[in-house]
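The values are calculated or read from the model by the stated rules, or taken from the named source; none is laboratory data. The structure displayed is predicted, hence computed values, not measured ones. Using ideal geometry, Cβ is built from the backbone for each residue, glycine included, and neighbour counts are taken over all protein chains shown. In case anyone asks, the SASA skips ligands and DNA or RNA and just uses the protein heavy atoms, side chains included. Shrake-Rupley method; radii C 1.70, N 1.55, O 1.52, S 1.80 Å.
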Amino acid sequence: MTEQNQSGRARGGATGRRRKPPAKRRRRIGIAVSGATAVLVLAGAGLGYVYLKLDGNIQGVDINAQLGTDRPKNVDNGSMDILVLGSDSRSGDNGAYGKDEGGARSDTAMVLHVYEGHKEASVVSIPRDTLVDRPACADGQGTEVPGDSRAMFNTAYEVGGPACAVKTVEAMSGIRMDHYIEVDFTGFKKLIDTLGGVEITTTQAIKDSKSHLDLEPGTHTLDGEQSLALVRTRKSVGDGSDLGRIQLQQAFMKAFIEQLKDVGAGTNPKKLLDLADAATKAITPDSELDSVQELMGFAQGLTGISADKVHMVTLPVQYDPLDPNRVVPVDAKARQVWKALERDLPIPAAATADTATGKAEGVVR
């Protein structure tokens, strides 16, 4: 996991408004979605039929209407905060990955903070097993869902859908989320296959009977199925916790982002359009990003961020003394993380020092 940069940053002008009023209306792997939507910037110019096809792929969810006005204050400082969620729903094609036992949960959750100037970003991974005070919220049908204490973070999505997940993150952080993007299993697989795979290097063997991943130490180009297995791997790396899986996910995402940057419009326009088609089918954005035009505008604000300028941390947690299978936030350190993002500042290294890590750092490069 990459430590947050401690040096100052050039505070260039914002590339666009941070907030805008509500507009109108698929799901896995965090910041990878940012890179995936970036391909839309290079695709579809002057091709009306392509534009309409991509536009028809996108289905959004109106987070703003469901949350109402009881939210953190809008801050217009040129930065941007996005909740990126991967769901473990086993519905539809995702049924190949297990039985759906009651409802989907947010298997992967990351807050992406894009700094003023849109040249650097920080990603805060929230472990799904984190015990939190989940606020009361309304689900997609308007039914009120009561709050709960010591609830696992991923139950917010299970009981109330995207809006409840956003409200829970906003309650934890005190930061208003500008956008929401959700990614699904099959969409993620197809996106990787369309890209031609992702090259990673493993420093030790990974053999996981649950995710069916079997890799020897060395360099590998993972196809979609293998990539999905890697980001689901848990028991066979580090201490076997969700924290170790997060470290694998973060390393994979950096490799994915870097390879997306190598796809050029002039060299392979068909591949670029295929990637845009796969990306728009893979995600469910909020209603302010549910058209090609809106996604292109959003992606243009991310194209200046290279993989080495994406600083990834995990929410500071410790294993719960009452249940070692769960983690709880280290409150003082978690406040440091959220305050830094609220002020558009780098996350200090002290905020994540001496906290639970999962012990899988460096397994994937």
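Name the single residue, out of those in segment 313-332 being assigned to a loop (DSSP other than H, G, I, E, B) and either touching a Pro at 6+ places or on another chain (Cβ under 9 Å) or open to solvent by less than 30 Å² (accessible area, probe 1.4 Å) (or both), that is nearest to MET80 (Cα to Cα). Don't jump to the end; show me each part of the working.
Residues of segment 313-332 that are assigned to a loop (DSSP other than H, G, I, E, B), as a first pass: 315-316, 321-322, 330.
Going one step further and asking which of them are either touching a Pro at 6+ places or on another chain (Cβ under 9 Å) or open to solvent by less than 30 Å² (accessible area, probe 1.4 Å) (or both), we end up with 315-316, 330.
On the way: LEU315: 18, PRO316: 22, VAL330: 25 Å.
Going through the qualifying residues, I end up with LEU315.
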Looking at (1) charged (D, E, K, R); (2) touching a Ser or Thr at 6+ places or on another chain (Cβ under 7 Å); (3) modelled with pLDDT of 90 or more, can you tell me which one LYS190 breaks?
(2)
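Considering only residues that are of a type in the set (S, T, N, Q), outside any helix (DSSP H, G or I) and closer than 13 Å to GLY56 by Cα, which ones fall in segment 269-300? Before you say what the answer is, go through the steps one by one.
Kept after step one, since they are of a type in the set (S, T, N, Q), are these residues of segment 269-300: 280, 284, 287, 291, 293, 300.
So of that shortlist, the ones also outside any helix (DSSP H, G or I) come out as 284, 287, 291.
Those that are of a type in the set (S, T, N, Q), outside any helix (DSSP H, G or I) and closer than 13 Å to GLY56 by Cα: THR284, SER291.
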Could you check LYS281 against (1) modelled with pLDDT under 90; (2) open to solvent by 30 Å² or more (accessible area, probe 1.4 Å); (3) under 18 Å from the mean Cα position of the chain (by Cα) and say which number it fails?
(1)
Would you mind telling me which numbered condition in (1) part of a strand (DSSP E or B); (2) closer than 25 Å to ASP76 by Cβ ARG335 fails?
(1)
Quick check on this structure: which one of ASP223, ASP184, ASP129 is out of contact with any Ser or Thr (no Cβ under 7 Å at 6 or more places or on another chain), open to solvent by less than 20 Å² (accessible area, probe 1.4 Å), acidic (Asp, Glu) and farther than 30 Å from ASN77 by Cβ?
ASP129
